[in-house]
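One structure is given here, and the rest of the page talks about it.
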Amino acid sequence: MAAAPSSPGPLRPDRPSVPFGRGGADRHRTRAALPWPLWGPALAGLGLLVLPVLGLVARADWVRLPELVTSDAALTALGLSLRTAAASTALCLLLGGPLAVVLARGRPPGLRVLRSLVLLPLVLPPVVGGLALLYLLGRTGLVGRYLDLYLGVRVPFTTTAVVLAQTFVAMPFLVVSLEGALRTAGDRYETVAATLGARPWTVFWRVTVPLLLPGLGSAVVLAFARALGEFGATIAFAGSLAGQTRTLPLEIYLQRESDVDGAVALSLLLVAVAAVVVVLARPRAVEGAR
Amino acid sequence: MRARAPLGLAVALVLALAACGSGGGNPAPRRTVTVLAAASLTEVFGRLEQRFEAEHPGVDVKISYGGSSDLAQQIVNGAPADVFAAANTSTMDTVARAGLAGQPRVFATNELRIAVPADNPKNIGSLADLAKDGVVLVVCAPQVPCGAATQKVATAAGVRLRPASEEPDVKSVLGKVVAGEADAGLVYVTDVHARGDRVRGVAFPEAAGARNDYPITVPSGAPEAELGRQFVELVRGQVGREALTAAGFQVP
Amino acid sequence: MTPRSSALDVDVELGRPGFALSVALRVEPGEVLAVLGPNGSGKSTLLGVLAGLLRPDRGRVVLGGRTLTDAGRGAHVPPHRRGVGLLAQQPLLFPHLTAEANVAFGPRARGVPRRAAREIARRWLSEVDVLELADRRPAELSGGQAQRVAVARALAAEPDLVLLDEPFAALDVDAAPALRAVLGRVLRAGGRTALVVTHDPLDALVLSDRLVVLDAGVVVEAGPTRQVLARPRTAFTARIAGLELVAGVAAPTGLRAPDGAVLAGHREPGLVDGVPAVAVFPPRAVAVHRERPNGSPRNVFPVVLAGLEPRADVVRLRAAAAPGGPGWAEGLSADVTPAAVADLGLEPGLPVWFAVKATEVTLCPAPGETVSAR
């Protein structure tokens, strides 16, 4: 018996669900071929990024490595680095999160200018940032002079200064990636939530923030990694004192004057910590906001 | 294909870097003498370079300034150098251990001064004043030569210093004083000379006990050893001594 | 689920480069108004104004006696305090919440305790027949299922006014009729004031009591849905509506017309025998014969040609009731090719037979019937 040829079939499900999402790579899939001239520069670029680290690995004194990375100075610097990077990441989140939301959702006057200003620390040499902080919060700085005069608060040479310097250089990473995630997501969900009667504050906590969580993860990791590696702004603004302001990058810079093996060992330690941090967040950070 | 990639890559990198490094020159001089010098010698050697080139037509002097230990590492790692002038003897020892030092001679000494802002707000007059409460002091970290010298003078004076920061180099120390963040810093007298308008140097007797010797040498294997020797002679001769003295150095 | 019935009064103007909206309309408490118009006619702009997402340049929006927008006084109640719910083309379910939590969102937002909100959510999910999907995330729902949850979510917030923005446009053709039936049922059961924006006359027919037709930002026609669709007064409406309607009562074999004739067709879901219904078909689906055709016994009826109107590439024939034929055939149209007109020697006054294939006929409930006296 012949079936009606053009019957749409009433049993067809009206759009099958795809519980496994689009993440799985399909090995059957082919793509348009890449132009071959890209491979050369791409490999060279990869080499420029990876080979120096290999150089570091090759130069390391592996016999003394355990002793070098567990020296008092190294552990003190590592501890300080982790603490300050965590604090500045928290500060980034506390200040940069709202900033990103305002930039993405609010309509502040001069939005373009504001966004450029936020990006400034990304393109400034960090040491310039450190100087700028010094001339703002330093003893003779724009604000620092009053902090000193009325409150007796001096920021430079303190751990607080380290955190501020790290926040200064790291916050743009958080703001930019969060704002990007917000813009990609669009405000349609927030609009729906409002028409369901949710107040702005409720919408923020129950819709905006949860939708942002994946992007937030990578943004936080980026900020933490940047804070961990911060050098220029710290040395210019906070100085360098063991246990107080001498973070791991500063310790490395100092040790390389006297003990190259020590500096290399600490560099590897920093590479390892950064690698762990980035690998932890890699999937989201690389794939970006969904 | 796969195995050759790293080699090709390295070649490409080297070519690219070499291209970055070579500036376009005027009528190419026939000979070049390469000098590696401690950063604190920038001003003096800049003058001597002009003098040397004027006296040796067709010779180009190329001076690379940097931290002494960095320069020493470069020489140990095979960088070509006709003259090496270091800010301390220990870095010269590094080169000597590699068998490359030639015959170093001390051509200048430098000693510490207390750098204070031009108006000297805390009225610093001696090393002992640095230990007073409320004085924000910045010094070099003990790992670097100026920091080692700082420890030495403090011990000699029996003063216990409590610095707010131990900077990785003398310029950072000076920077903090210039910025007004520090009330005092321990730097070399030549650094005070270089920033004469913004900071003042306070001399103290213990400084003489921690002089920094500046050795100079023609490293073994120098491509232009003869020109290198002539440059060293210029530095150690009358012209060099005058220039060094003018910059605050003492000469033997 | 207490029925909230509020009247909506709108009189607004909004100008943009190259476009102006100027609309005055009233929706009675519990009434469903359809807004029909092509793309760019201002339908979505109108919804934006009502939902509070756009501020009009002039005019007022009053809902249940509350002034939501008054451009003259600069008054503008923000979206979350308007009591205006919005159901869009896309379900836009919050991806991080289960279906149930999505529906409970509205009740939670107005302060209903967690447990009670959960109860409300489950009731609404069962109302739209997807209670068994309560614990699923949106990513695990089909398009039709997600849109059902979205309907439940919009209604669970108990809005005074529900706005539906082409709610079936993004659905597969198979899923749309079922959802249309569900929506028609729940809107009516709740006695809710609602406004449905669509470009599909069928949506208007199934869901709405009254219809306004929007063109280039202005209302070009308004009236009871069936009447407007069946007897468009403007060519514009005729073009976008373009449907022939026969009213009657749903019967097991099709639509029973007042004279007892039965029209066979494809039944919309939710059609219950015995309720008022309409048979709907496009004029191009009507074949014209000089003699009663033999092969296809269904949906054939005699008429008298009342007029011929040349269109772009067809000729529209207008029918009058034939003596002894069905009265409901009065005014029906058929589109045929000019060649067919010549071949058959068609001219006004000629008795002919109209035949409509059952596959081209849609049978749907006609809620407008009960209120068409308005």
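The values are calculated or read from the model by the stated rules, or taken from the named source; none is laboratory data. Fair warning: this is a prediction, and the values are worked out from it, not measured in the lab. No Cβ is skipped: glycine too gets one built from the backbone with ideal geometry, and neighbour counts run over all protein chains shown. With ligands, DNA and RNA removed, areas are computed over all heavy atoms of the protein, side chains included. Shrake-Rupley method; radii C 1.70, N 1.55, O 1.52, S 1.80 Å.
Heavy-atom surface analysis with a 1.4 Å probe gives region A:202-243 a carbon and sulfur content of 79 percent of its accessible area.
Within chain A, the whole DSSP H helices whose Cα atoms reach 15 Å or more along their own axis and whose mean Kyte-Doolittle score is at least -1.0 are A:39-59, A:72-91, A:111-123, A:126-137, A:159-185, A:209-229, A:248-258, A:260-287. About the centre of its Cα atoms, region C:259-374 shows a dipole size close to 60 debye [charges on the beta carbon of Lys, Arg (+1) and Asp, Glu (-1) only; nearest 20 debye]. Evaluating 6.51 cos²θ - 1.76 cosθ + 1.60 at θ = phi - 60° for every residue in region C:157-168, the Karplus couplings come out as 6, 6, x, 6, 9, 10, 9, 10, 9, 6, x, 10 Hz, glycine and proline recorded as x.
Comparing C:Ala261, C:Ser6, C:Thr45 along the charge dipole axis of chain C, the residue lying farthest to the positive side is C:Ser6, per the Cβ-charge model.
Here the accessible area of region C:8-242 is 49 percent carbon and sulfur, with a 1.4 angstrom probe and all protein chains present. For the protein assembly as shown, a crude dipole built from +1 on the beta carbon of Lys and Arg and -1 on the beta carbon of Asp and Glu, taken about the Cα centre, is about 1420 debye to the nearest 20. On the accessible surface of region C:245-368, probed at 1.4 Å, how many percent belong to carbon and sulfur atoms? Solvent-exposed carbon and sulfur of region C:245-368 make up 57 percent of the total.
Build a GNM of chain C with springs between Cα atoms under 10 Å apart, and of C:Arg290, C:Arg55, C:Arg256 the one that fluctuates most is C:Arg290. With a 1.4 angstrom probe, the accessible area lost at the C-A interface totals about 2400 Å².
In nm, what is the difference between 0.36 nm times the number of residues separating C:Arg81 and C:Ser126 and their Cα-Cα distance?
Gain on stretching C:Arg81 to C:Ser126: 13.5 nm.
Take the alpha carbon gyration tensor of region C:41-194, find the square roots of its eigenvalues, order them as a ≥ b ≥ c, and report rounded if a/c is under 1.5; if not, report prolate when a/b exceeds b/c, else oblate.
Prolate is the answer for region C:41-194, as a/c is 1.5 or above and a/b outweighs b/c.
Every helix of 4 or more DSSP H residues in the protein assembly as shown counts as -39500 (n - 2.57), and over all residues that averages to -13000 deg cm²/dmol at 222 nm. Between the helical axis of B:5-21 and the longest alpha-carbon principal axis of chain B there is an angle of about 70 degrees. On a per residue basis, the protein assembly as shown carries 47 Å² of accessible surface, using protein heavy atoms and a 1.4 Å probe. Considering the dipole of the protein assembly as shown built from charges on the beta carbon (Lys and Arg +1, Asp and Glu -1) around the Cα centre, which of C:Gly18, B:Gln73, C:Leu155 is farthest to its positive end? With unit charges placed on the Cβ atoms, the residue in question is C:Leu155.
Interface residues of region A:164-193, defined as those losing at least 50 Å² of solvent-accessible heavy-atom surface relative to the isolated chain (probe radius 1.4 Å), are listed as A:Tyr189, A:Val192. Close amide-amide hydrogen proximity is noted between C:Asn299 and C:Ala264, each under 5 Å apart and 5 or more residues distant or on a separate chain (H modeled in the peptide plane; Pro and chain starts excluded).
Ignoring ligands, DNA and RNA and using a 1.4 Å probe, state the total buried accessible area between A and B in Å², rounded to the nearest 100. Buried area between the two chains comes out at roughly 2200 Å². Listed by chain and number, the lysines placed with their C-alpha closer than 30 angstrom to that of B:Lys171 are B:Lys62, B:Lys122, B:Lys132, B:Lys152; residues fewer than eight positions away on the same chain are left out. Here the Karplus relation 6.51 cos²θ - 1.76 cosθ + 1.60, evaluated at θ = phi - 60°, turns the backbone of region B:91-104 into coupling constants of 5, 5, 4, 4, 5, 5, 4, 7, x, 10, 7, x, 10, x Hz, with x for every Gly and Pro.
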